[in-house]
1. Where in region 1-91 are there strands (runs of 3 or more DSSP E), lying fully within it, with 3 or more residues that are of a type outside the set (Phe, Trp, Tyr) and in contact with a Ser or Thr (Cβ under 9 Å, 6 or more places away or on another chain)?
2. Which residues, taken from region 41-65, are under 24 Å from Leu133 (Cα atoms), surrounded by fewer than 16 Cβ atoms within 10 Å (Cβ to Cβ) and modelled with pLDDT of 95 or more?
3. Take the residues in region 98-113 that are more than 12 Å from the chain's Cα centre (by Cα) and assigned to a helix (DSSP H, G or I), then tell me which one is surrounded by the fewest Cβ atoms within 10 Å (Cβ to Cβ).
4. Starting from residues that are hydrophobic (A, V, I, L, M, F, W, C) and crowded, with 17+ Cβ neighbours inside 10 Å, keep the ones in region 20-40 and report whichever is farthest from Val132 (Cα to Cα).
5. Looking at this structure, is Asp68 acidic (Asp, Glu) and either under 19 Å from Ile42 (Cβ atoms) or surrounded by 15 or more Cβ atoms within 10 Å (Cβ to Cβ) (or both)?
6. Could you tell me which of the residues Glu126, Glu87 is surrounded by 14 or more Cβ atoms within 10 Å (Cβ to Cβ), under 26 Å from Glu9 (Cβ atoms) and among the acidic types (Asp, Glu)?
7. Based on this model, can you work out whether Tyr96 counts as farther than 23 Å from Glu117 by Cβ and at pLDDT 95 or above?
8. Those residues that are of a type in the set (D, E, K, R) and farther than 19 Å from Val74 by Cα, I need them from region 29-46; list them, please.
Amino acid sequence: MKLEIHSLEQLPEVARKLLNDFSDERFFAFFGKMGVGKTTLIKELCAALGVKDNVCSPTFAIVNEYSDRVGEPVYHFDFYRLKSVAEAYDIGYEEYFYSGCYCFTEWTEKVEELLPERYVRVEIVENDGVRVLNANRS
């Protein structure tokens with residue numbers, strides 16, 4: 001899937017399309033430079049799942065847990081501050097990654113070797129104010 005995003009107003013539709021096109025997937029790994037909109041899109045994905053909590057980047061906590069519309073956990077990771085893969089082991093990443101619940105990861109390249117066999121790879125690049133999103137099953 002390849003989408004061009006010209007404005008923030010498109011994000012709710014982009015989130016719904018991602019969730020619909022990959023309805024059998026629960027793990028979404030985000031890649032892109034700082035400021036490209038990873039967290040903003042994850043907020044919209046959470047909103048589409050019925051999350052009522054304040055969704056924000058878990059930069060210091062590494063993982064935030066929210067509840068979707070039926071009370072199931074939704075996990076949001078930000079691995080930006082990880083100094084080594086060992087820190088992911090310390091937080092018990094396996095319990096989250098293999099829970100069967102939605103997982104959204106930012107700065108995924110820092111833990112790429114730990115990713116499940118199946119996931120959706122979401123790459124976002126910015127070019128002259130337009131975001132280009134590529135999403136594929138891995």
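1. Passing ranges, in order: 73-78.
2. Of everything in region 41-65, those that are under 24 Å from Leu133 (Cα atoms), surrounded by fewer than 16 Cβ atoms within 10 Å (Cβ to Cβ) and modelled with pLDDT of 95 or more turn out to be Ala47, Gly50.
3. Within region 98-113, the subset more than 12 Å from the chain's Cα centre (by Cα) is 98-101, 109-113.
Within this subset, residues satisfying the condition of being assigned to a helix (DSSP H, G or I) are 109-110, 112-113.
Values: Glu109: 13, Lys110: 20, Glu112: 14, Glu113: 8.
So, considering only residues that are more than 12 Å from the chain's Cα centre (by Cα) and assigned to a helix (DSSP H, G or I), the one surrounded by the fewest Cβ atoms within 10 Å (Cβ to Cβ) is Glu113.
4. Going through region 20-40, the residues hydrophobic (A, V, I, L, M, F, W, C) turn out to be 22, 27-31, 34, 36.
Next cut, crowded, with 17+ Cβ neighbours inside 10 Å only: 22, 27-31, 36.
Numbers: Phe22: 18, Phe27: 20, Phe28: 16, Ala29: 16, Phe30: 13, Phe31: 12, Val36: 10 Å.
Result: Phe27.
5. Numbers: acidic (Asp, Glu): yes; either under 19 Å from Ile42 (Cβ atoms) or surrounded by 15 or more Cβ atoms within 10 Å (Cβ to Cβ) (or both): yes.
Taking the combined requirement at face value, the residue satisfies it.
6. Numbers: Glu87 fails: under 26 Å from Glu9 (Cβ atoms).
Sole residue among the options that is surrounded by 14 or more Cβ atoms within 10 Å (Cβ to Cβ), under 26 Å from Glu9 (Cβ atoms) and among the acidic types (Asp, Glu): Glu126.
7. Numbers: farther than 23 Å from Glu117 by Cβ: no; at pLDDT 95 or above: yes.
Here the answer is no, as Tyr96 does not meet what is asked.
8. Taking region 29-46 and keeping what is of a type in the set (D, E, K, R), we get 33, 38, 43-44.
Within region 29-46, Lys33 is the sole residue that qualifies.
The values are calculated or read from the model by the stated rules, or taken from the named source; none is laboratory data. Predicted model, so just to flag it, every value in this text is computed and none were measured. Every residue, glycine as well, gets a Cβ built from its backbone with ideal geometry; the counts of neighbours run over all protein chains shown.
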